[in-house]
Amino acid sequence: MLFKTYSIYTTRTKHLLHRKSLINPAFNLHTKPISSLKVVWRRDPQLDHAIERDKPYKICSKVVKEVLNEPGQVIPLRYLENRRERLRLNVRISTFLNKNPALFDVYQDRIKPKSEPVRFVRVSHRLRNFLEEEKRIVLENEGWIVSKLCKLLMMAKDKVLSVDKLVHVKREFGFPNDFLVNLVPNYPNYFRLIGPPEEGKSFLELVEWNPEFAKSIIEQRAEDEFGLTGIRIRPNFYYKLPPGFFLRKEMREWIRDWLELDYISPYVDVSHLDQASQEMEKRTVGVFHELLSLSLFKRIPVPILGKFSDEYRFSNTFSSVFTRHPGIFYMSLKGGIKTAMLREAYKDSELIQRDPLLEIKDKFVQLLEEGWQERQEQLRLQREEVKKNRVMMALGDGDTDGQESSREFDGQEVK
């Protein structure tokens with residue numbers, strides 16, 4: 001409840017805090033380095049569950065991309081089995097294929113003309129239909145994808161990002177696999193590829209600054225509120241602590257004071273700001289808020305964010321921001337990987353701020369579930385068939401025993 005009403009933090013309250021700081025200089029929280037402000041991490045089971053629930057989808061997606069990247073989109077089953085550890089599969093490939101029958105077809109073929117036939121894996125007809133649907137969804141949302149890419153470049157200090165890094169985060173933001181080949185060249189007014197194609201030497205540069213794109217989610221939210229109510233509010237973070245979460249008084253006071261600072265857009269130049277200042281902290285939180293808001297699932301692994309420390313001016317201890325502001329972010333440790341999550345984007349474990357590109361995931365999950373249902377139906381029929389055979393065998397054994405008993409009885413009668 002404390003931080004749901006931060007916007008009514010009054011001038012009188014600030015005056016009282018100022019008086020306290022004069023009486024007791026140790027009370028002046030501005031004098032304390034930000035790095036010394038600690039908040040104990042606390043697990044959020046609901047947000048952890050959101051990550052765990054998407055695990056089957058992500059694993060299946062990895063295997064599909066592995067096959068699609070092969071020449072002809074086919075691969076010997078044993079080759080795929082050798083990559084199981086890299087794909088983080090905890091079952092054999094044959095077991096995975098049986099559990100997900102809608103994704104692939106298995107057939108016999110030769111690796112070499114005179115070699116023995118071996119099992120190959122290829123994309124199923126239903127998966128090909130999904131891939132066509134994926135192209136349609138991407139085409140319908142191409143403008144949104146372009147704006148996302150522009151925003152990532154506009155937040156960078158030199159309006160330039162490494163191509164390798166962008167490729168590494170394409171899944172986080174919903175960029176198509178071929179966005180550098182089939183999308184970027186179509187927008188020469190926004191993008192320019194510079195440098196040789198060698199690894200680490202190619203960059204994507206912003207050509208034109210679009211003021212419409214230079215508006216953060218928080219600023220847009222304030223404008224939408226003004227349009228609805230006619231009341232102009234200051235752009236600021238929505239801060240809500242999870243139930244049962246407690247902050248020490250010193251930290252509560254610091255956060256209240258920090259929230260009263262003017263919002264700093266992630267799209268403005270901050271080269272003049274001290275890296276250790278509260279204003280830079282406000283800007284850094286703003287960048288993370290914007291990056292997570294632009295991501296598909298409103299969450300990004302912390303190591304991936306760390307790759308952009310130089311471009312977005314993150315400090316070496318940037319990950320502490322996520323635990324220092326538990327009313328804005330949550331840092332999950334699920335799966336042994338630190339993942340930064342935007343708390344306001346979720347209600348319990350459900351994502352409420354849905355990206356338009358999530359329709360692709362919905363279609364893929366639908367395909368998976370169809371395969372799972374078919375497998376369950378096949379297993380049910382197999383169980384019924386086994387049960388039926390057992391009954392027939394039992395009846396057959398009973399008839400045999402009856403005939404033998406009759407023959408024995410007849411023999412006794414003859415005697």
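The values are calculated or read from the model by the stated rules, or taken from the named source; none is laboratory data. None of the values given here were measured: they were computed from a predicted structure. Cβ coordinates were reconstructed from backbone atoms using ideal geometry, including for glycine residues, and neighbour counts include every protein chain displayed.
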Got a number for residues in region 307-324 being more than 15 Å from Ala156 (Cβ to Cβ) and either in a helix (DSSP H, G or I) or under 19 Å from the mean Cα position of the chain (by Cα) (or both)? 6
Condition met for Tyr330 (surrounded by 19 or more Cβ atoms within 10 Å (Cβ to Cβ) and at pLDDT 95 or above): yes
Log entry, pairs with first residue in region 312-334 being closer than 21 Å to Ile51 by Cβ, second being among the acidic types (Asp, Glu) and at pLDDT 90 or above, beta carbons closer than 7 Å, six or more apart or on different chains, reads Tyr330/Asp44; Ser332/Asp48; Lys334/Asp48; Lys334/Glu52
Going through region 230-288 one residue at a time, which ones are hydrophobic (A, V, I, L, M, F, W, C), at pLDDT 90 or above and part of a loop (DSSP other than H, G, I, E, B)? Phe237, Leu261, Ile264, Val268
Okay, strands (runs of 3 or more DSSP E) sitting entirely in region 40-133 with 3 or more residues that are touching a helix residue (DSSP H, G or I) at 6+ places or on another chain (Cβ under 9 Å), I get 104-109, 118-123
Could you check how many residues of region 226-247 are more than 23 Å from Met341 (Cα to Cα) and not aliphatic (A, V, I, L, M)? 6
Looking at region 159-183, which of its residues are of a type outside the set (Phe, Trp, Tyr), within 20 Å of the chain's Cα centre (by Cα) and crowded, with 19+ Cβ neighbours inside 10 Å? Leu166, Val169, Gly174, Pro176
Assess whether Asn186 counts as being of a type in the set (S, T, N, Q), surrounded by fewer than 17 Cβ atoms within 10 Å (Cβ to Cβ) and either under 19 Å from Ala345 (Cα atoms) or not assigned by TED's automatic domain parsing to the domain that holds Val285 (or both). yes
Without any contact (Cβ under 8 Å) to a residue 40 or more places away in the chain, within 25 Å of Glu66 (Cα to Cα), among the basic types (Lys, Arg) and outside the structural domain of Lys307 (by TED's automatic domain parsing) - does that describe any residue in region 136-158? yes
Among the residues of region 208-229, is any farther than 23 Å from Val169 by Cα, aliphatic (A, V, I, L, M) and exposed (fewer than 14 other Cβ atoms within 10 Å of the Cβ)? yes
Return the residues of region 325-370 that are among the charged types (D, E, K, R) and assigned to a helix (DSSP H, G or I); say none if nothing qualifies. Lys334, Arg343, Glu344, Glu359, Lys361, Asp362, Lys363, Glu369, Glu370
Select from region 339-359 the residues that are buried (at least 17 other Cβ atoms within 10 Å of the Cβ) and basic (Lys, Arg) and list them in ascending order. Arg343
